[in-house]
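Below is one structure, written out as structure tokens; comments come after it.
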Amino acid sequence: AFPLLLAGEPSSEQVAGLGAPDAAARRSAEQALIAQGEKAAPAVLAALAEAQDEEVRLGCIHMLGMLPAARARSLPVLRGLLGDPAWRVRSRACIALGRLRALDEPSLSALAEALADPCRSVGRAAR
């Protein structure tokens, strides 16, 4: 389990927990980071930029979609991920954009392009 750090910065263990193979551990990490609110965004964005492991990247993308207070920081990153080589990353980025109600022109344009993604799962997520 990951402790809820209500007063400090999110820990690297909490962010790494987003890619844990165990669903309960992922949920625990998510809850700990959600409790941090917008303070969690820089750590999640940094982990996303550095992560090589696809599961960690997917967890970070999911987390960004759960942090509406960090929307301004997250939208450009999520739009950029729509061009990622991994279809699961592209699909999860579409879902996160939808959760954040990304109705700005650049996001809508990027999602419209994602509708034509060669992977049907990505196109469905973009709807």
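The values are calculated or read from the model by the stated rules, or taken from the named source; none is laboratory data. All values derive from a computational prediction rather than experimental measurement. Glycine also receives a Cβ, built like all others from the backbone with ideal geometry; neighbour counts cover every protein chain displayed. Note: areas computed on protein heavy atoms with side chains; ligands, DNA, RNA excluded. Shrake-Rupley method; radii C 1.70, N 1.55, O 1.52, S 1.80 Å.
Numbers for the structure displayed
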| quantity | calculated |
| --- | --- |
| Overall Cα dimensions of the range 72-127 - principal axes, largest extent first, Å | 27, 17, 16 |
| Estimated [θ] at 222 nm from DSSP helical runs (n ≥ 4, -39500 (n - 2.57)) normalised by residues in the chain, nearest 500 | -19000 deg cm²/dmol |
| Pair-distance profile P(r), taking every C-alpha pair of the chain, with 5 angstrom steps and integer % | 2, 13, 23, 22, 19, 12, 6, 2, 0 |
| Gained length - residue 112 relative to residue 35, 0.36 nm times residue gap less alpha-carbon distance | 24.4 nm |
| Rounded accessible area per residue of the chain, 1.4 Å, Å² | 52 |
| The chain: angle of helix 105-114 to the longest principal axis, Cα-based, in degrees nearest 10 | 70 |
| Neighbourhood net charge (14 Å Cβ-Cβ; Lys/Arg +1, Asp/Glu -1) for residue 67 | +3 |
| Accessible surface of the chain [probe 1.4 Å, protein heavy atoms]: carbon and sulfur percent | 56 |
| Estimated distance in nm for a label pair at residue 105 and residue 72, the labels positioned 7 Å out from Cα along Cα-to-Cβ | 2.0 |
| Convex hull volume per residue in cubic angstrom - Cα atoms of the range 5-44 | 51 |
